[in-house]
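These notes are about the structure you will find just below.
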Amino acid sequence: MLFFKLINSSFRRNGKVYGPYLLATSMLVAINYIFAAIGINHSLHRLASSSATTAMINISANFILMVTFAFLLYVNRFLWQQRSSELGLYSMLGMTSRNLDILTVIEKVYLFIGSIVCGLVTGVIFERLAFLGLGSLLKVHNLKQPWIEPAALGKTILYMGGFFVILMVVDLVKLHRLNPNQLWHATAPAPKRHGWLFKLLGLLGIVLLAGAYYITLTTKPRISAFSNFMTAVLLVVAGTYLLFTAGSVIILQFLQRQKNFYYRPRHFIAISGMLQRMEQNGASLATICLLCSAVLVALFSSITLYAGIGDTVKLYAPKDVVMITNQPVTRQQQGVIESVAKNHHAKITSQTSYQATTTQNGYWRGQHFINQGSLEHMTNKTTNSVIFVSSHDYRKMTGKPAHLRDNQALIYSPAKQHTGQVTIAGHRYQAKNLSQLSFAFNPEHSIYAPAFVIVNHLPAGLPKMNVTGFNYRLKGSDRQHIRFENDLQAHLQLANMQLTGRYNIHYLFNSLYGGMVFAGIMISLALGITTTIVIYFKQISEGYADQYRFKTMQQVGLSKRETTKSIHSQVLMVFMLPITGAVINLLFAIPAIKQIMTQLSFYNLQLMITVAVAITAALMVIYLLIYGLTTRVYHQIVDNIH
């Protein structure tokens, strides 16, 4: 049939476009299938932490669906630009509008079938590998996954089919709105005129980015920290698009008006060339910048939290078991502990106890701690909590004397140091910083960073609590340790806030942060695929545009060597802008992320810096490799004119 011959011929001629498109779409289909298969896995739902893990998986799956749809819309626009000239030619040769509709439908069906078949085959093959990786991150080794999940297959086909139907409708609408001549010249760039509104948008982009960075730098570890961060993210998205599309053009136009600077051979060529490139590619470069930013933030957050699980667990449970009671442990309770330990063949060691004030929540106003009391009285200002411990108990727990006067205090605050003259609970103290405190922990498991204040005498009028902790030796698996801790809690009849078991907490964080790392890696993979294809298609569009630029520049007297050097330096500069912007976005995001992590009892700044440097360096290397590989296609297109 003629229609199939024309489509097959078009696919062969445009293999450099359709090949990478099918590869990228197939990989996205595979990732969507993997998430769908894991989301409905029965053994995962039977885990104690299934609610947190499945919630993370479902959120990530929905996000990747949105990324897939956005990617298909973007690439479809590029495919339309490549195909419109062919459709215009067919129309001029006598094809009717109905014939062109049939060609468009056949093309979309071809692409859909190719993407679905290749993607689902790839997904089925790598699904078990992904599932093993998830199990390893969760530290769970008894998960079962069938070879094929029919429900996941149907869900993936349904969503992708819906996406391709939308793309087909978009193309058909475009087809009917344009006449043959417009189709033929659809790729010709129209000259742009920039008025006062364009300049206003450029300035607005700078203002939005400045506002977003201000929010991230001033975010405090309050209950509103995450919502503030998401507000900053939205501002960065809008500001980045406006800055790349309008702000960069305004800056280059300003340089054009500086005659002493602009009318020099080197500056004239560079600025005029960059101005044209930014007008045509600003939105695409902004997209690449935001995709790279998302990869950096996703990997940084998830890997940092996962790598710091040990430190976080220690702040929740400095000993294997920590109990909080109103009175010291009674003989009856001690007998219960020993009895349960004997039943589980566990041996209790290193048991300690001390008295402290209950957690007092509030916030610091300079050197004055505003005490708001218990969690029931917290507000959006609440950022910290304070626990008083006597110098007598400090010496008993650490073996070191405090040597304090009544107006002196030692303060252990991992989130932020407090030294000098401080006022807490109506008392003034001359405070010294305590760099380490082995028995410090977060009694209420709250989002507020605790500060332990060592004083000679506990302040009168504040409620007291007794903290008892011990380690235990038990031969067996992690599950047996967890069973012992749960059994101990049940026999002592203590609430979750009153008894914390280290293995239970470790299992909980592994499940939560392990799921985050898995989601972060898969999301980064999806974003990496889309970024690669966006860069690839931009290189193709740059190549076709530079064919004309090569001719023009040589016609005005530049040598081939000078022309090549000028254009290639501009291309390199244009494609380095997104990764530079992404690194800047990460640098400004880290302070806000640090405050959010503080609410999760994570304070290891050195680990955060190490992870940030490592993933930034890795992304830079991968980005440059992608740029180098896609540049080959660019050279092949440009060299056709020589």
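The values are calculated or read from the model by the stated rules, or taken from the named source; none is laboratory data. Please read these numbers as outputs of a predicted model, since none were measured by experiment. All Cβ positions, even for glycine, are placed from backbone atoms using ideal geometry, and neighbour counts span all protein chains on display. The area values use the complete protein model at the heavy-atom level, side chains included, leaving out ligands, DNA and RNA. Shrake-Rupley method; radii C 1.70, N 1.55, O 1.52, S 1.80 Å.
List of remarks:
- Filter pass, LEU462 being outside any strand (DSSP E or B) and closer than 30 Å to ALA341 by Cβ: no
- So LEU79, is it in contact (Cβ under 8 Å) with a residue 60 or more places away in the chain, crowded, with 17+ Cβ neighbours inside 10 Å and within 18 Å of VAL173 (Cβ to Cβ): yes
- Cβ separations smaller than 9 Å between residues 6+ apart or across chains give the following pairs from segment 597-625 residues that are touching a residue at least 12 places away in the same chain (Cβ under 8 Å) to residues that are part of a helix (DSSP H, G or I) and among the acidic types (Asp, Glu): SER601/ASP311; PHE602/ASP311; TYR603/ASP311; ASN604/ASP311; LEU607/ASP311.
- Output for segment 586-633, where each listed residue is under 30 Å from PHE537 (Cα atoms) and β-branched (Val, Ile, Thr): VAL613, ILE615, THR616, VAL621, ILE622, ILE626, THR630, THR631, VAL633
- Every condition in (1) at pLDDT 85 or above; (2) farther than 30 Å from ILE34 by Cα; (3) part of a helix (DSSP H, G or I) holds for THR500 except the one numbered (3).
- Just so you know, in segment 115-150 the residues that are open to solvent by 60 Å² or more (accessible area, probe 1.4 Å) and among the aromatic types (Phe, Trp, Tyr) include one that is farthest from ILE523 (Cα to Cα), and it is TRP147.
- From the options ALA356, ALA341, residue that is surrounded by 15 or more Cβ atoms within 10 Å (Cβ to Cβ), in a helix (DSSP H, G or I), over 33 Å from the mean Cα position of the chain (by Cα) and of a type in the set (A, V, I, L, M, F, W, C): ALA341
- Residue satisfying all of: in segment 417-445; surrounded by fewer than 18 Cβ atoms within 10 Å (Cβ to Cβ) and within 20 Å of MET378 (Cα to Cα); nearest to the chain's Cα centre (by Cα) among these: HIS445
- Selection within segment 215-241 - at pLDDT below 85 and either open to solvent by less than 40 Å² (accessible area, probe 1.4 Å) or not hydrophobic (A, V, I, L, M, F, W, C) (or both): PRO221, ARG222, SER224
- Listed by first and then second residue, the pairs with beta-carbon distance under 6 Å, at least 6 apart or on different chains, first residue in segment 487-511 and under 21 Å from GLY335 (Cβ atoms) and charged (D, E, K, R), second modelled with pLDDT of 90 or more and crowded, with 16+ Cβ neighbours inside 10 Å, are ASP487/VAL340.
- Residue check for PHE244: open to solvent by less than 50 Å² (accessible area, probe 1.4 Å), modelled with pLDDT of 90 or more, in a helix (DSSP H, G or I) and of a type in the set (Phe, Trp, Tyr): no
- Looking only at residues of segment 381-402 that are part of a loop (DSSP other than H, G, I, E, B) and free of Cβ contacts under 8 Å to residues at least 12 places away in the same chain, we find that the one that is most open to solvent (accessible area, probe 1.4 Å) is LYS400.
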